[in-house]
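**Q** I have a structure I would like to understand better, so I am pasting it below and will then ask my questions one at a time.
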Amino acid sequence: MNKSKLQNPTPIVADGGIATTGVGEGRLVPALILDCDENRPLHELIVLHEDTPPGDVIVTWGRPRFDKSAAFLVLEFKRPIHTKVVLSFDVAKQGGLVDGIIHARGVYLQSKDFGRTVSAGLNNPKILVEIPASATFPGWDSQYQDVLVKQFKRHGFSRTEAKQAAAAHMSRLRELWHSRMKAK
């Protein structure tokens, strides 16, 4: 991924998930609490989105060349405010979150000004960004599995055990992301 596209990532303060029967057919959708202090247009976009229909957004996934430890999500909003947000993820710590965004095909974004946790800001302004099927992340499964295998090996697993544990971990996590909230 082009290094100039990845400058000044917006800090992720907290994360979680939101599941409602009215969004994503009840699937759990990752939610990110962002520090918008250095990206005030993003804060304004979140506020405006409450009263404005969703605008166009260009979604790009990537990772640094020759480095599997990080993943990036670049969102370029065209309207109602033109702004770009770069989200940087440490795959060892936040790989499950990246996987969730990919499989939920969406992510909620909320400014820390509206709550420092997902539950504290549940009824506050946030936007749901759809991640279209066309916004693929080539090599993600391999990247995530390699990072997980490395972690399991660090905890004393053999290479074979680590591969099995990584596959099982990814499978269980994806079950969670694909589970659906039932309508009452």
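Read the figures in this text as sums done on the coordinates, not as results from a lab. As the structure is a computational prediction, the values presented were derived from the model and not from experiment. Positions of Cβ are generated from backbone atoms using ideal geometry, with glycine treated the same way; all protein chains shown enter the neighbour counts.
**Q** Using amide H atoms built in the peptide plane, which far-off residues or other-chain residues are under 5 Å from ARG27 H to H?
**A** MET181
**Q** Could you sort out which of LYS68/LYS126; LYS84/LYS150; LYS78/LYS126; LYS112/LYS150 sit more than 22 Å apart by Cα distance in this structure?
**A** Flagged as over cut-off: LYS68/LYS126; LYS84/LYS150; LYS112/LYS150.
**Q** Could you work out how far the C-alpha centroid of the range 55-91 sits from that of the range 162-177, in angstrom?
**A** 25
**Q** Under 18 Å from a point placed 7 Å out from the Cα of ASP56 along the Cα-to-Cβ direction: which residues of the range 128-166 have their backbone N that close?
**A** 129-135, by backbone N distance to the label point.
**Q** How high is the FRET efficiency between VAL47 and ARG105 when r is their beta carbon distance and R₀ equals 22 Å, given to the nearest 0.05?
**A** E between VAL47 and ARG105, to the nearest 0.05, is 0.35.
**Q** Would you be so kind as to identify all helices of the chain, as entire DSSP H runs, whose Cα atoms reach 15 Å or more along the helix's own axis and whose mean Kyte-Doolittle hydropathy is at least -0.5?
**A** Those that pass (Cα extent of 15 Å or more, hydropathy at least -0.5) are 91-104.
**Q** Also: Do you know the relative contact order of the chain, to the nearest whole percent, from alpha carbon pairs under 8 angstrom that are 6+ apart?
**A** So the answer I get is 27 percent.
**Q** A further question on this structure: Neighbour counts of other C-beta atoms within 10 Å: give me VAL13, VAL98 arranged from fewest to most.
**A** Least to most surrounded, the residues fall as VAL13, VAL98.
**Q** Now for a separate question. To make sure I understand, if each residue's beta carbon is the centre and we count other beta carbons within 10 Å, what order do ASP56, ASP99 fall in, fewest to most?
**A** In order of increasing Cβ crowding within 10 Å: ASP56, ASP99.
**Q** Give, rounded to the nearest 20 debye, the magnitude of the charge dipole that the range 35-103 has about its Cα centre when Lys and Arg contribute +1 at Cβ and Asp and Glu contribute -1 at Cβ.
**A** Magnitude of the dipole: close to 380 debye.
**Q** Counting only residues 5 or more places away or on other chains, whose amide H sits under 5 Å from the amide H of ALA14 once H atoms are built in the peptide plane?
**A** ILE33
**Q** Shifting gears a bit: Compute the distance in nm between two label points, each set 7 Å from the Cα along the Cα-to-Cβ direction, one at THR136 and one at ARG79.
**A** For the pair THR136/ARG79, the computed spacing is 3.0 nm.
**Q** Here is a further query. For LYS126, LYS150, which order do you get if you count the other beta carbons within 10 Å of each Cβ and list the fewest first?
**A** So the residues, fewest neighbours to most, are LYS150, LYS126.
**Q** What does the convex hull of the Cα atoms come to per residue for the chain, in Å³?
**A** Given the Cα convex hull of the chain, per-residue volume reads 127 Å³.
**Q** Say R0 is 35 Å: what FRET efficiency, to the nearest 0.05, do ARG154 and ARG180 get from their beta-carbon distance?
**A** Calculated transfer efficiency: 0.50.
**Q** Let me ask something else about it. How far apart, in nm, are the 7 Å Cα→Cβ label points at PHE66 and GLU161?
**A** About 3.3 nm separates the two model spin labels.
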